[in-house]
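This report refers to the structure that appears directly beneath it.
The values are calculated or read from the model by the stated rules, or taken from the named source; none is laboratory data. Note that the coordinates shown come from a computational prediction; the quantities given were computed from them, not determined experimentally. No Cβ is skipped: glycine too gets one built from the backbone with ideal geometry, and neighbour counts run over all protein chains shown. When the accessible area is computed, the model is the full protein with side chains, heavy atoms only, and any ligands, DNA or RNA have been set aside. Shrake-Rupley method; radii C 1.70, N 1.55, O 1.52, S 1.80 Å.
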Amino acid sequence: QTVASIRRAQTLLLGMAAPDGLVSPGGPTLRALMPTTPPMTLPAVPGYPDDVIAAARDARRQWQVPASVSLAQWALESGHGAHMPLGSNNPFGIKARAGEPSVTSRTREVNAQGQEYYIEAPFRKFDSVA
């Protein structure tokens, strides 16, 4: 799913005719997304909200995380935003530690024996997706 999401981002955001789903050192995707390249304009893309695209662009600038990787991870982790705890701005399902802002949400867990169960858990609440 991650490779498919990277391919989609390569096609839609970078205009690659033959997306390979790779973000390799020295490869075309990484070269296009590294901060040494001129700033790129990321268009609105169906399935990717503007705030998520902006956060991916900011992560590229600040942390050198390719935007395609952030977008692919967002799509995979949150089911394109459908599984994000309400009011959390937390698409990656980060659990809250004691004293951190949080929202409580029902979540599926898996124990060491592979058995699934559901609990109410505190998820970290952020001011924005960025």
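Descriptive notes on the structure:
- If you plug the beta carbon distance of ASP50 and MET16 into 1/(1 + (r/R0)^6) with R0 = 25 Å, you get a FRET efficiency near 0.70.
- Working from Cα pairs under 8 Å separated by at least six residues, relative contact order for the chain is 20 percent.
- Accessible area of the chain divided out per residue, in Å², using a probe of 1.4 angstrom: 60
- Taking amide H as placed 1.01 Å from N in the peptide plane, ALA96 has its amide H under 5 Å from the amide H of PHE123, ARG124, each at least 5 places away in sequence or on another chain.
- Percent accessible area from carbon and sulfur atoms, the chain, protein chains only, probe 1.4 Å: 55
- Less than 5 angstrom separates the built amide H of SER102 from those of LYS125, all sequence-distant by 5 or more or on a different chain.
- Pairwise FRET efficiency - LEU86 versus THR2, Cβ, R0 = 25 Å, nearest 0.05: 0.50
- Per residue, the convex hull volume that the Cα atoms of the chain enclose (Å³): 134
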